[in-house]
Amino acid sequence: MADHDDFREFVRERTPALSRHAYMLTGDHQLAEDLLQSALASTYRHWRRVRDTNPEGYLRQAMYHQHISWWRRKRVREQLFAAPRQAPQADPSDATALRLSIAQALGQLTAKQRAVIVLRFYDDLTEAQAADVLGCRIGTVKRHAHDALRRLRDIAPDLLDDGERTAR
């Protein structure tokens, strides 16, 4: 029963951060909920083994693996169509507008590119750590990061800071 209570407390404390993380990976609230629930179920099955090590790291890795598994199964090719630029809507919060811009830009990346960007820049993992989580080589992480950043510069130039704009 102590295991169950420990897990329940862990979920209660970490769910908000893990939900945000799942959303960053999927770009969709419902998929993020499904992803988190799936990872929580997996983590609960192994709770005795992981509770004294790094349960959040284990859970995040379970989310990445589940997300990649879904991506591989679906094999849906993304088709991007040129959409007319819409004038930014007035928003009282610059932070909200920035979050929306980032979410929209991340939504235009492939699943692997999005996972690499989230791992490297949101979770602040090294290339080696990201490769370990994704189960691939460091070179693959570097390639996906390079391609994703190049694509983000093209699709969301408004996210660049002033120094990067002048360098271009």
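The values are calculated or read from the model by the stated rules, or taken from the named source; none is laboratory data. From a predicted model like this one, the values you see are computed outputs, not experimental measurements. Virtual Cβ from ideal backbone geometry, glycine too; neighbours counted across all protein chains shown.
State the number of residues belonging to the stretch 108-134 that are of a type in the set (A, V, I, L, M) and either in the same structural domain as Thr26 (by TED's automatic domain parsing) or outside any helix (DSSP H, G or I) (or both).
Going through the stretch 108-134, the residues of a type in the set (A, V, I, L, M) turn out to be 109, 111, 115-119, 125, 128, 130-131, 133-134.
Still in the list and also either in the same structural domain as Thr26 (by TED's automatic domain parsing) or outside any helix (DSSP H, G or I) (or both): 109, 125.
Residues flagged as of a type in the set (A, V, I, L, M) and either in the same structural domain as Thr26 (by TED's automatic domain parsing) or outside any helix (DSSP H, G or I) (or both) within the stretch 108-134 amount to 2.
Looking for whichever is assigned to a helix (DSSP H, G or I), closer than 26 Å to Arg114 by Cα, within 20 Å of the chain's Cα centre (by Cα) and at pLDDT 90 or above here; the options are Gln37, Gln30. Which one fits?
Going through Gln37, Gln30 in turn, the sole match is Gln37.
Residues to consider are Arg60, Arg45; find the one that is buried (at least 19 other Cβ atoms within 10 Å of the Cβ) and basic (Lys, Arg).
Numbers: Arg45 fails: buried (at least 19 other Cβ atoms within 10 Å of the Cβ).
Selected residue: Arg60, the only one of Arg60, Arg45 that is buried (at least 19 other Cβ atoms within 10 Å of the Cβ) and basic (Lys, Arg).
Looking only at the stretch 1-27, which residues are outside any helix (DSSP H, G or I) and either assigned by TED's automatic domain parsing to the domain that holds Leu119 or closer than 20 Å to Gln108 by Cα (or both)?
The one that is outside any helix (DSSP H, G or I) and either assigned by TED's automatic domain parsing to the domain that holds Leu119 or closer than 20 Å to Gln108 by Cα (or both): Gly27.
State which residue pairs qualify: first residue without any contact (Cβ under 8 Å) to a residue 24 or more places away in the chain and not assigned by TED's automatic domain parsing to the domain that holds Tyr64 and inside the stretch 135-161, second residue surrounded by 12 or more Cβ atoms within 10 Å (Cβ to Cβ) and acidic (Asp, Glu) in any location, beta carbons under 8 Å apart, and separation of 6 or more residues or different chains.
Sorted first by the residue in the stretch 135-161, then by its partner, the pairs are Ile138/Glu127; Lys142/Glu127.
Of the residues Arg151, Arg114, Arg143, which is more than 26 Å from Gln30 (Cα to Cα) and modelled with pLDDT of 80 or more?
Details: Arg151 fails: more than 26 Å from Gln30 (Cα to Cα); Arg114 fails: more than 26 Å from Gln30 (Cα to Cα).
Matching residue, one of Arg151, Arg114, Arg143: Arg143.
I'm trying to understand the selection: among the residues of the stretch 89-107, which are assigned to a loop (DSSP other than H, G, I, E, B) and either hydrophobic (A, V, I, L, M, F, W, C) or modelled with pLDDT of 90 or more (or both)?
Ala90
Before we move on, is Thr126 β-branched (Val, Ile, Thr), exposed (fewer than 14 other Cβ atoms within 10 Å of the Cβ) and either under 12 Å from the mean Cα position of the chain (by Cα) or at pLDDT 90 or above (or both)?
Yes: the conditions hold for Thr126.
Is it fair to say Ala32 is in contact (Cβ under 8 Å) with a residue 40 or more places away in the chain and of a type in the set (A, V, I, L, M)?
Working: in contact (Cβ under 8 Å) with a residue 40 or more places away in the chain: no; of a type in the set (A, V, I, L, M): yes.
In short, no.
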